[in-house]
Amino acid sequence: MNSHSLHAKSVAASRRSFLKTGAALGAAAALPSFFLRAADKQKKWPDNSFLQGNWTPVHEEITADNLKIIGKLPADLEGMFVRNGPNLQFPPKQNYHLFEGDGMIHGVRLRAGKASYRNRWVRTAAWQEENKANKALYSSILDPIDFTFLAKQLLAGKNPFPNRANTALIWHHGKLLALWEGGAPHEIKVPGLETVGEYNFGGALKHPCTAHPKVDPKTGEMMFHAYGVAPFQPNLVYSVADRKGKIIHTTQIKLPRPVMMHDLAITGKFTLFLDAPFVMDMAGAMLGKPPFKWEPKFGARIGVLPRHAAGDKVRWFEIKPCFVFHVFNAFEDGDEVNLYGCRYPSFPDFLNLNPPAANDQGAGGAEGGAPVAYRWRLNLKTGKTTEGALDEFDCEFPRVDDRLAGAKTRYGYGLSSGTALVKFDFVKDRNERHDFGKGRETGEGVFVPRKDGKNEDDGYLISFVYDHAERRSEMAIIDCRDFKKAVVARVLIPQRVPNGFHGMWLDDDVL
Ligand SMILES: [Fe+2]
């Protein structure tokens, strides 16, 4: 069975499961702390595959202690797994795009052999406005433009597409930040997951911060960027914050056209930017056309900029046209910069922001336009690029040991076919697969190093798993040294944890 049919099967299974799924799973240990008013649940939710199956939002925020554990929690694993994702508070006005759900953070804390769970919405300004109004107020990017609303929002200095803080999490200068594609981070308290509010680095943040900053573990610096989210903004802005959260460098990088750039990568010396031809068309959007267009005729390239240099010092390396949401890591190796990421031959159609690609110029990849693990090698001496797929199967949500961000990495981890996590050995060019099995859907695996670990893979991979047959969510812990083997521990969650985006591990000493 190819990956495309696997995807189709998975979507169909999710839909079937949705029909069977009743209320959120309950347990005696669950202590509901917030309920939607009963009338809200009666409102009509649209037929949208990203609001069905395990994408269906949950409506309660709960706190639950003494969770049931199958297996044995590793004694050296104390801290909290936190994961962000979209979870709509109210049915949308018309359409819904996956990127527009209200951010909800799910956290599982492990301490003294016990586990507890809590989930909390990020109380963004939009969440609060809509909560007060008891209904959705904002339109989807897929809806026809409401010019009256647009003008009203712009005149009020508000983004008509609000910051939902729903994408990722990062820990920097003693703060947990919930991140989104086109706005400021939101500061979140730990371990309670309460929202402090938008965080602007003491007023120094002058541009949005995308969802995937990178922290250099050696210097503590955080590198982040924003792309053309407002009509008069430069295409790309890039900043560096020092280990104390002081923004020490901001520069603009000129691009020939405004493109979506979800992730960036760092090495010890450089920051890498992915200029892929998924081009914003605001004029077209005003006329009711898709807001982005896949334009492979413009080619694609990777920009390499010394970390603290001005934007005009960026050096571009041509690559085969593609789209990349996420990278594993990048590092310098002699004259070369290596970048590992998950490459789509074109922008993925299932995200429905653009028409299907007419002229894919892909350089290999899984069938059906699925992403594959991929390596680009940029030769700083010759200016040449070598690139190629690491394998043929679909792979997304790449991660490495975050302590090696920007440094040479042997192992990477990814999600495949919705039910499997994969461990890549980049040096030996091989991989191992841990499949949770039919009907057991999982998400991004987060690597947590063992405290006394000696080797790079000395640690655990943690993810949420949803069992469609049992209608139950759990947090699974895999020992990365014995990757294929059964999970070492399963923490059963007394409420369904919907599919989401990105997570991280917080060590007990910061909680
Ligand atoms: Fe992402």
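Looking at Gly412, Gly406, Gly388, which one is in contact with a Gly (Cβ under 8 Å, 6 or more places away or on another chain), part of a strand (DSSP E or B) and over 21 Å from Pro498 (Cα atoms)? So that I can check it myself, show each step before the final result.
Values: Gly412 fails: in contact with a Gly (Cβ under 8 Å, 6 or more places away or on another chain); Gly406 fails: part of a strand (DSSP E or B).
Exactly one residue qualifies, and that residue is Gly388.
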Cβ pairs under 9 Å, 6+ apart, first in region 271-294 and at pLDDT 75 or above, second of a type in the set (Ser, Thr, Tyr) and not in a loop (DSSP other than H, G, I, E, B):
Thr271/Tyr238; Phe273/Tyr238; Ala276/Tyr344; Met280/Tyr227
Looking only at region 159-173, and only at residues there that are over 14 Å from Asn87 (Cβ atoms) and part of a loop (DSSP other than H, G, I, E, B), the one that is nearest to the ligand (Cβ to nearest atom)
Asn163
Cross-chain or 6+ apart pairs with Cβ under 6 Å, region 485-511 first and part of a helix (DSSP H, G or I), then within 16 Å of the ligand (Cβ to nearest atom):
none
Of all the residues that make up region 325-350, how many are under 20 Å from Gly299 (Cβ atoms), open to solvent by 10 Å² or more (accessible area, probe 1.4 Å) and touching a Leu at 6+ places or on another chain (Cβ under 8 Å)?
0
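Given the residues Leu390, Leu421, Leu461, which is the only one that is more than 19 Å from the chain's Cα centre (by Cα) and at pLDDT 95 or above?
On inspection, the qualifying residue turns out to be Leu390.
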Options Ile253, Ile302: the member that is touching a helix residue (DSSP H, G or I) at 6+ places or on another chain (Cβ under 6 Å), among the aliphatic types (A, V, I, L, M) and surrounded by 21 or more Cβ atoms within 10 Å (Cβ to Cβ)
Ile253
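Counting only residues that are charged (D, E, K, R) and crowded, with 17+ Cβ neighbours inside 10 Å, which one in region 72-84 is nearest to Arg118 (Cα to Cα)? Step through it out loud before you land on a result.
Just the residues of region 72-84 that are charged (D, E, K, R), to begin with: 72, 76, 78, 83.
Applying the additional criterion that residues be crowded, with 17+ Cβ neighbours inside 10 Å yields 78, 83.
Details: Glu78: 16, Arg83: 11 Å.
Taking the candidates together, the pick is Arg83.
So how many residues does region 291-315 have that are part of a loop (DSSP other than H, G, I, E, B) and touching an Asp or Glu at 6+ places or on another chain (Cβ under 7 Å)? Break it down into steps so the answer makes sense when it comes.
Residues of region 291-315 that are part of a loop (DSSP other than H, G, I, E, B), as a first pass: 291, 295, 299, 307-310, 314.
Then keep just the ones that are touching an Asp or Glu at 6+ places or on another chain (Cβ under 7 Å); that gives 291, 299.
The number of residues fulfilling the criteria is 2.
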Every residue in region 395-408 that is more than 16 Å from the ligand (Cβ to nearest atom) and buried (at least 21 other Cβ atoms within 10 Å of the Cβ), please.
Asp401, Gly406
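Give the number of residues within region 420-477 that are assigned to a loop (DSSP other than H, G, I, E, B) and either surrounded by fewer than 24 Cβ atoms within 10 Å (Cβ to Cβ) or without any contact (Cβ under 8 Å) to a residue 24 or more places away in the chain (or both). Working first, answer last.
Residues of region 420-477 assigned to a loop (DSSP other than H, G, I, E, B): 426-429, 436-439, 443-445, 450-458, 468-471.
Those still in the list that are either surrounded by fewer than 24 Cβ atoms within 10 Å (Cβ to Cβ) or without any contact (Cβ under 8 Å) to a residue 24 or more places away in the chain (or both) too: 426-429, 436-439, 450-458, 468-471.
So the count comes out to 21.
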Residue within region 120-132 that is more than 23 Å from Phe224 (Cβ to Cβ), touching a residue at least 40 places away in the same chain (Cβ under 8 Å) and open to solvent by 40 Å² or more (accessible area, probe 1.4 Å) present:
no
The lone condition Tyr199 fails out of (1) open to solvent by 30 Å² or more (accessible area, probe 1.4 Å); (2) among the hydroxyl-bearing types (Ser, Thr, Tyr); (3) within 15 Å of Leu88 (Cβ to Cβ) is (3)
Which of the residues spanning region 60-71 are part of a loop (DSSP other than H, G, I, E, B), open to solvent by less than 40 Å² (accessible area, probe 1.4 Å) and not charged (D, E, K, R)?
Leu67
Positions within region 174-221 being free of Cβ contacts under 8 Å to residues at least 60 places away in the same chain, within 16 Å of the ligand (Cβ to nearest atom) and not in a loop (DSSP other than H, G, I, E, B), in sequence order
Leu177, Gly183, Cys209
If a residue has to be at pLDDT below 95 and over 19 Å from the mean Cα position of the chain (by Cα) to count, how many in region 174-204 make the cut?
0
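Just the residues that are more than 16 Å from the ligand (Cβ to nearest atom) and open to solvent by less than 10 Å² (accessible area, probe 1.4 Å), please, taken from region 410-419.
Our first condition is that a residue be more than 16 Å from the ligand (Cβ to nearest atom); within region 410-419, this holds for 410-411, 416-419.
Once the filter is applied, which keeps residues that are more than 16 Å from the ligand (Cβ to nearest atom) and open to solvent by less than 10 Å² (accessible area, probe 1.4 Å), region 410-419 yields only Ser416.
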Of (1) farther than 27 Å from Gly443 by Cα; (2) part of a loop (DSSP other than H, G, I, E, B), Phe149 satisfies all except one. Which?
(2)
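The values are calculated or read from the model by the stated rules, or taken from the named source; none is laboratory data. The structure presented is a predicted model; accordingly, all values stated were derived computationally and were not measured. Positions of Cβ are generated from backbone atoms using ideal geometry, with glycine treated the same way; all protein chains shown enter the neighbour counts. Ligands, DNA and RNA are excluded from the accessible area calculation, which covers all protein heavy atoms including side chains. Shrake-Rupley method; radii C 1.70, N 1.55, O 1.52, S 1.80 Å.
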